[in-house]
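The values are calculated or read from the model by the stated rules, or taken from the named source; none is laboratory data. Predicted model, so just to flag it, every value in this text is computed and none were measured. Positions of Cβ are backbone-derived with ideal geometry, glycine not excepted, and every protein chain shown enters the neighbour counts.
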Amino acid sequence: MSIPASHRPAREWLWLVVALAVVAAVAAPFWEVFTGPKAREEWAKWDEDRVKRLLLGPEQVLCYVCAVWAALILQSRYREVRRQRRAFNLDLLPTEEGARILPEDARPLARKVEQVTAGRPFILANMIRLGLGKFAISKSAADVSEVVRNQADVELSRLITGMSTVNYLAWAVPAIGFVGTVRGLGGAFGANSPNIQVFTDQAKDQLKIAFDCTLVALLLSLVVMYFIHALQRAEETLVTDAQQYCQEHLLLRLYDPATEAAHL
């Protein structure tokens, strides 16, 4: 079987390395400016207490919970994608050159698919089984093609629906961060002290809370969204490759009596 186009590397990581090299070359002359004495003096203020307040606020902890929850779901779904890909290595259909599938072969092949998969749910096996079942009844390759296409749409819709919780968590992370931002801004504007220095210190502390929550939430959101994107692409590629497998080893090998008679 030829390698599907979706299996060929897109060289995205290569382009990432090129992008990093270009940015580094442009940004290097400015690096000295940001690492001067004044910058080092600002970094010296980041003591243990400051880092703790940055990373361990109540809103940050809630963001961590949502991010870890989403990561666990994504990890389980990625393992399922890898399991589904094992079906491509199973002996589900004849792959010999010139092999044809007759209408009377459809039901025995469908039973063979069930035996090979041993009752395990595979997207590819389900598409083949439904296609063979339709071919046994209608003896029409066009009907089989329609069944395979419809089942692919159903599987893709099911995968998209299964991402609803993860999509909510990806939205919840920055939303929780903005809750902390509002809390910090409210505390800054609500600071009340007759002493101007005390008032300024209170306002600065509350603004730190606001910006810390936003920073942590947005960074976590970027990470979660990347892995959501990667998983969705893997799932969509799985369904596309299953369709291509059915096209090469099922649809193009069907013996359609009506089509054969038309060609004679």
- Given the residues Ser138, Ser76, which is the only one that is without any contact (Cβ under 8 Å) to a residue 60 or more places away in the chain and more than 32 Å from the chain's Cα centre (by Cα)? Ser138
- From Leu252, Leu220, residue being at pLDDT below 95, surrounded by fewer than 20 Cβ atoms within 10 Å (Cβ to Cβ) and either under 30 Å from Ile137 (Cβ atoms) or not acidic (Asp, Glu) (or both): Leu252
- Query: So which of Lys52, Lys45 ends up being out of contact with any Asp or Glu (no Cβ under 8 Å at 6 or more places or on another chain), modelled with pLDDT of 60 or more and assigned to a helix (DSSP H, G or I)?
  - Reply: Lys52
- Message: Could you tell me how many of the residues in segment 98-138 are under 18 Å from Asp256 (Cα atoms) and out of contact with any Pro (no Cβ under 7 Å at 6 or more places or on another chain)?
- Response: 22
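To keep it simple, each residue is scored yes or no on (1) polar (S, T, N, Q); (2) within 30 Å of Gly177 (Cα to Cα); (3) in contact with a His (Cβ under 9 Å, 6 or more places away or on another chain).
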position: Leu62; (1), (2), (3): no, yes, no
position: Val65; (1), (2), (3): no, yes, no
position: Gln84; (1), (2), (3): yes, no, no
position: Gln115; (1), (2), (3): yes, no, no
position: Met127; (1), (2), (3): no, no, no
position: Lys134; (1), (2), (3): no, no, no
- Taking segment 126-185, which residues are closer than 19 Å to Tyr78 by Cβ and not in a helix (DSSP H, G or I)? Gly162, Met163
